[in-house]
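All remarks here apply to the structure that follows.
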Amino acid sequence: MPADAARSIVFQTWGYMRLALAAGDDLRVVQGLLGHASIVVTADIYASVLPKLYHDSARKTARLVLVAARQTPRAAKGARAIPM
């Protein structure tokens, strides 16, 4: 295979996997698609995408916490919390 063709395949694969991760595909799914023996290899290669994924995950978790807090009944004014 010519070097240009090999570079093209690598670039296309990298681009596809980067988009898959950005779309929310699990890192283990990407690992399996690429045939990496270890998830560490996949994480190292696609590390540039991971900060965005971590940020998105934190944002979604914060949203869930806020929704749960809004649904929790409020304590009466002046009421003391029971220590645990």
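Here's the yes/no breakdown for (1) among the small types (Gly, Ala, Ser); (2) exposed (fewer than 10 other Cβ atoms within 10 Å of the Cβ); (3) modelled with pLDDT of 85 or more:
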| position | (1), (2), (3) |
| --- | --- |
| Phe11 | no, no, no |
| Tyr16 | no, no, no |
| Ala23 | yes, yes, no |
| Leu34 | no, no, no |
| Val40 | no, no, yes |
| Gln71 | no, yes, no |
_Residue list for the stretch 52-69, restricted to those being touching a helix residue (DSSP H, G or I) at 6+ places or on another chain (Cβ under 7 Å) and surrounded by fewer than 14 Cβ atoms within 10 Å (Cβ to Cβ)_ = Lys52
*Please state which one of Val29, Val49 is modelled with pLDDT of 85 or more and surrounded by 10 or more Cβ atoms within 10 Å (Cβ to Cβ).*
Val29
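The values are calculated or read from the model by the stated rules, or taken from the named source; none is laboratory data. From a predicted model like this one, the values you see are computed outputs, not experimental measurements. For neighbour counting, all protein chains shown are included, and Cβ atoms are generated from backbone atoms with ideal geometry for every residue, glycine included.
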